[in-house]
1. Using DSSP, restrict attention to beta bridges with both residues in the chain and report what percent are antiparallel, rounded to the nearest 5.
2. Using 0.36 nm per residue of separation minus the Cα-Cα distance, give me the extension gain between GLU21 and HIS2 in nm, one decimal.
3. Report the extension gain between ALA63 and ALA36 in nm, rounded to one decimal, defined as 0.36 nm multiplied by the number of residues separating them, less their alpha carbon distance.
4. Could you give the angle, 0 to 90 degrees to the nearest 10, between helix 41-52's Cα long axis and the longest principal axis of the Cα atoms of the chain?
5. Keeping the other protein chains in place, figure out the carbon and sulfur percent of the accessible area of segment 1-91, with a 1.4 Å probe.
6. Please tell me the relative contact order of segment 1-51 in percent, rounded to the nearest whole number, where contacts are Cα pairs under 8 Å and at least six residues apart.
7. Net charge within 11 Å of VAL51 by Cβ-Cβ distance, Lys/Arg positive one each and Asp/Glu negative one each, not counting VAL51 itself?
8. Mean separation of Cα pairs under 8 Å and 6+ residues apart, divided by the residue count of the chain: what relative contact order is that in percent?
Amino acid sequence: MHELALSQSVVELVADHAARERLRKVTRVVLEIGAAAAVEPEALCFCFDLVAADTIVQGAELAIEMVALRARCQRCGCEFSPAALYDCCPDC
């Protein structure tokens, strides 16, 4: 379950940044996750809450924004949003 490791990294980064900025509380963390990242949002939220316990991030809302795939055809240069990682160019 790599969501646990991702959650640990996110909480560490946010806590370190909050300390540098002399913040007392973090209330919201926004993550953009690419559709091909193989991350399960529900598992990430669950792990985030566990890892954030007893830190400045405890109780913060984790807002996950999924980012669609973007591709560019090497042959014709068409840019498109494939439904899967290896979809063919719609123009070729």
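1. Values: 2 of 9 bridges.
Of all bridge pairs located within the chain, approximately 20 percent are antiparallel.
2. On the way: separation 19, 0.36 × 19 = 6.84 nm, distance 2.87 nm.
Stretched fully, the GLU21-HIS2 segment lengthens by 4.0 nm.
3. Working: separation 27, 0.36 × 27 = 9.72 nm, distance 1.81 nm.
Gain on extension, ALA63 to ALA36, equals 7.9 nm.
4. Value to nearest ten degrees: 20.
5. Details: 3420 of 6570 Å².
Carbon and sulfur atoms account for 52 percent of the accessible area of segment 1-91.
6. On the way: 24 pairs, mean separation 33.8, N = 51.
Once normalised by length, the contact order is 66 percent.
7. Numbers: positive: none; negative: GLU3, GLU12, ASP49, ASP54.
Its environment carries a net charge of -4.
8. Details: 109 pairs, mean separation 27.1, N = 92.
Worked out over the chain, it gives 29 percent.
The values are calculated or read from the model by the stated rules, or taken from the named source; none is laboratory data. Since the model is a prediction, treat every value here as computed from it, not as a measurement. When we count neighbours, we look across all protein chains shown, and the Cβ atoms used for this are built from the backbone with ideal geometry, even at glycine. Accessible surface areas use protein heavy atoms only, side chains included; no ligands, DNA or RNA. Shrake-Rupley method; radii C 1.70, N 1.55, O 1.52, S 1.80 Å.
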